[in-house]
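First comes the structure, then the notes that go with it.
The values are calculated or read from the model by the stated rules, or taken from the named source; none is laboratory data. No experiment lies behind these values; they were computed from the predicted model shown. Reconstructed Cβ throughout: ideal geometry from the backbone, glycine too, with neighbour counts over all protein chains shown. Surface accessibility is based on the protein's heavy atoms, side chains included, excluding ligands, DNA and RNA. Shrake-Rupley method; radii C 1.70, N 1.55, O 1.52, S 1.80 Å.
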Amino acid sequence: MSLQNEKHIIDTIRRCQRNWDHSKSIPDEHVDHWVYIAQNSPSKQDESYFNLYVITNKEKIDFLSNHTWGHTMEIARGNFTGVTRNTQMFANAYFLFTFKLPVTIREIKADGHAYDQTGIDFEIRKKNGYVAIGIAAGLIAQSAADLGYKTGFNSNHNSHQDGGPDQSKVWSDTLGISTSENIIVGLGIGYPEEGKARNEHNETEFLVGNYPGTRYN
């Protein structure tokens, strides 16, 4: 891999893709490869700080896309902003990362004792988990761009985020996410629509005001 190509990959994944071509499908071997990357990406003491949920079913993607309200955008310049669904979720494949505490405790404090799973120790363990998720998601995005795909990160899954509705329970119920896990970030991967700028999306509905606000089309 040339240095110029690596720069091209970084330039690709730092720019969010907001439209997707669903007439094409991602090969299973590519999805499996990204799962392997997630499972084997570096983490503190090589512990498992997250669960990964991979969604490629179009009907499930469409359903969950309706529960990504929270992306704020200017509707009329200088007048008001609206909240829309997050178009990164409409991708051909969606990788969702949730934070969890590992069943192992391999990290040792300076006094020789293992870290606890509560209190201040928990905050340290949580930081380890967020770092591990960031590394894994970044490596997957890098691989996807190298294979020619576009990507987009999304954090609009949780309750009342940026004035949106409480949608976290829908995600948990649909994907079987345990109450002990916290949704952290999602990564959309797929094919862009030809002839459109990366940030030209197909969203037509928006909410104005704190939820439930007023919904416009």
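Observations on the structure shown:
- Those residues of the stretch 139-161 which are surrounded by 16 or more Cβ atoms within 10 Å (Cβ to Cβ), over 18 Å from Leu64 (Cα atoms) and not aliphatic (A, V, I, L, M), in sequence order: Gln142, Ser143, Tyr149, Lys150
- Failed criterion for Lys126 (all others in (1) of a type in the set (Lys, Arg); (2) at pLDDT 95 or above; (3) open to solvent by 70 Å² or more (accessible area, probe 1.4 Å) hold): (3)
- Answer from Val31, Val54, Val35 - the residue that is among the aliphatic types (A, V, I, L, M), farther than 21 Å from Glu181 by Cα and either modelled with pLDDT under 95 or not in a loop (DSSP other than H, G, I, E, B) (or both): Val31
- None of Asp46, Asp21 is exposed (fewer than 13 other Cβ atoms within 10 Å of the Cβ) and either over 19 Å from Phe206 (Cα atoms) or within 19 Å of the chain's Cα centre (by Cα) (or both) except Asp46.
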